[in-house]
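First the structure, in the form of structure tokens, and then the observations on it.
Just so it is clear, none of the values below were taken in a lab; they were calculated from the coordinates. All values derive from a computational prediction rather than experimental measurement. Methodologically, a virtual Cβ is constructed for each residue, glycine included, from the backbone with ideal geometry; neighbour enumeration extends over all protein chains shown.
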Amino acid sequence: MIAAYIILYLSNLSPLFALWTGRINKGIIWYYALACFAFDINAFVLKILHIERLWSSNLFFLVEFLLLSSYFYQYVFEKKYRKQILIVLSLVAVYFVVDTCVHSILQPNYIGAAIFYSLYILFAVFGLYKVLKGIEYLMIEKSPLFIFCIAFLIYASGSFIILLFEHELRETNKEFIKFMWCYVRNPMNILKNLLIGYGLILMNKNKQVAG
């Protein structure tokens, strides 16, 4: 039980590292870290006050999708494909909103979120392909895009599986899904935020060199 609380606290506070390292040159990923921190703290406070907090999940899923889509749209996809990609992303966002409103705004739309996370996996794969195709760094781990792609690939892959079966598992094995969120998703969230923080450090160094 103590370990679960420690992991939860670390997960909620882990975006602070990215917020600190990226505070000078703020970009989309920095604002993503800010959104993660704000929503995590909001959910934590609502839980302490015994106020229904599940409604905020759908808002976070949507905000996360808009921010991450904007980043990969800008830095990964080629300009000649951007119009088609924008249409697809817009349709996915609209589907999520409509599906959430049709079923329940107050309950997390796990299937819609799973679709988002499957797209993050594709985004990360395309991003890694771009890094490998046009290597700009002597050491690939010095590429901010590479670090971000690894972070979201790890985070999205694990979260996708959990979200895909979330509803069924809550009906049949609630303790197991709690275990998965605590000991699988939260550690991956911590790792993701630490990698984002490191990626933002690399971005700052690259901008200083360019300047």
> Counting residues that are under 17 Å from Tyr73 (Cβ atoms) and of a type outside the set (Asp, Glu), which helices (runs of 4 or more DSSP H) fully inside the range 123-182 reach at least 1?
Replying inline: 144-164
>> Looking only at residues that are touching a residue at least 40 places away in the same chain (Cβ under 8 Å) and outside any helix (DSSP H, G or I) in the range 22-58, which one is surrounded by the fewest Cβ atoms within 10 Å (Cβ to Cβ)?
In response: Glu52
>> I'd like the full set of residues that are under 16 Å from Tyr110 (Cβ atoms) and either charged (D, E, K, R) or in contact with an Asp or Glu (Cβ under 7 Å, 6 or more places away or on another chain) (or both), limited to the range 148-206.
In response: Glu166, Glu168, Arg170, Glu171, Lys174, Ile177, Lys178, Arg185
> If a residue has to be polar (S, T, N, Q) and within 19 Å of Leu106 (Cα to Cα) to count, how many in the range 36-75 make the cut?
Replying inline: 4
> Taking the stated definitions as given, is Phe96 closer than 26 Å to Ser143 by Cα, among the aromatic types (Phe, Trp, Tyr), in contact with a helix residue (DSSP H, G or I) (Cβ under 7 Å, 6 or more places away or on another chain) and assigned to a helix (DSSP H, G or I)?
Replying inline: no
> What single numbered condition from (1) in a helix (DSSP H, G or I); (2) touching a helix residue (DSSP H, G or I) at 6+ places or on another chain (Cβ under 7 Å); (3) of a type in the set (A, V, I, L, M, F, W, C) fails to hold for Leu106?
Replying inline: (1)
> Out of all the residues in the range 134-156, is one or more over 21 Å from Ile201 (Cβ atoms) and either surrounded by 14 or more Cβ atoms within 10 Å (Cβ to Cβ) or within 16 Å of the chain's Cα centre (by Cα) (or both)?
Replying inline: yes
